[in-house]
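Notes for the one structure printed next.
The values are calculated or read from the model by the stated rules, or taken from the named source; none is laboratory data. Being a predicted model, the structure only gives us computed values, none of them experimental. Neighbour counts run over all protein chains shown; Cβ positions are idealised from the backbone, glycine included. Remember, those area values only see protein heavy atoms, side chains included, never the ligands or the DNA or RNA. Shrake-Rupley method; radii C 1.70, N 1.55, O 1.52, S 1.80 Å.
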Amino acid sequence: LVRNFGIAPSRIAAVTFTNKAAREMRQRLERLMGSHADGLTCGTFHALCVAILRRDGQPIGVDRDFTIYDNEDQMDLLKRSMEEVNIDPRRFPLRAVQSAISRAKSSLLDPTGFAATVSSYYDEVVLRVYERYQALLSQSRAADFDDLLLSTVQLFQRVPEVLQRYQNRYLHLLIDEFQDTNVVQYTLATLLAGQYRNICV
């Protein structure tokens with residue numbers, strides 16, 4: 001694209017899933033393109049979303065200096081959330097609740113969206129924990145890994161001028177290991193590529 005079609009590297013975003021794959025991608029690009037590789041957006045879906053949220057997340061209440069919680073931080077906060085809404089972790093294992101919340105976020109369901117899908121007592125339990133967990137994350141000005149993707153999609157959907165800026169910027173979107181995309185990642189890709197519709201997978 002750069003060599004044969006004169007596309008500016010800054011107009012290209014290349015995303016993958018793991019930090020290891022992103023490092024390999026960056027190294028290959030540096031070998032192929034030399035210093036031109038610096039202008040390219042290249043990294044994981046999560047890294048791309050962090051950059052977008054730090055720069056443009058304020059309109060949806062995302063603090064510029066938000067903290068990213070790793071798995072251990074997340075489990076600690078979930079444990080506290082369960083205690084605060086009186087859910088017994090012996091009856092409802094922490095890992096199972098965490099997986100249910102992660103699945104909801106990966107399916108573009110925030111607590112309000114998830115509430116509309118509740119169809120069992122277990123779902124009600126998850127919802128109570130989910131609502132408290134998100135409130136505590138918000139108080140701590142923090143996000144977990146799933147929030148990075150979900151919040152970016154919400155930003156694009158709620159603030160069209162921000163979406164338009166990124167759509168204008170990225171003429172080409174390249175997605176590694178596309179078969180691994182979930183609903184939120186697929187939605188993110190289609191939003192980003194919504195103007196030029198140049199997705200290479």
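So here's what we get for this one:
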item	result
Average projection area in nm² (convex hull over Cα atoms of region 90-136, one quarter of hull surface)	3.1 nm²
Region 65-201, dipole about Cα centre (Lys/Arg Cβ +1, Asp/Glu Cβ -1), debye to the nearest 20	320 debye
Kirkwood Rh in Å, taken over all unlike Cα pairs in the chain	18.2 Å
Relative contact order (%) - the chain, alpha-carbon pairs under 8 angstrom, separation at least six	27 percent
Order by protection proxy (mean Cβ within 10 Å, highest first), peptides 124-134, 177-187	124-134, 177-187
Largest-first ellipsoid semi-axes for region 123-170, taking √(5λ) over the Cα gyration tensor eigenvalues, angstrom	28, 12, 9
Rg/Rh (Cα only; Kirkwood hydrodynamic radius) as it applies to region 157-201	0.97
Cut-off under 5 Å, modelled amide H: who pairs with Asn198 long-range	Leu173
For Ala14, distant residues with modelled amide H under 5 Å away	Thr41, Cys42, Gly43, Leu174
Carbon plus sulfur fraction of accessible area for the chain, probe 1.4 Å, in percent	49 percent
Between helix 71-84 and the chain: long-axis angle, C-alpha atoms, 0 to 90°, nearest 10	30 degrees
Peptides 158-171, 36-49 ordered by average Cβ neighbours within 10 Å, highest first	36-49, 158-171
Listed residues Thr117, Gln58, Ile7: farthest to the positive end of the dipole of the chain (Cβ charges)	Ile7
Surface accessible to a 1.4 Å probe, per residue, for the residues of region 35-99, Å²	55 Å²
Estimated [θ] at 222 nm from DSSP helical runs (n ≥ 4, -39500 (n - 2.57)) normalised by residues in the chain, nearest 500	-17500 deg cm²/dmol
Given charges at beta-carbon only (K, R positive; D, E negative), |dipole| of region 1-144 in Debye	600 debye
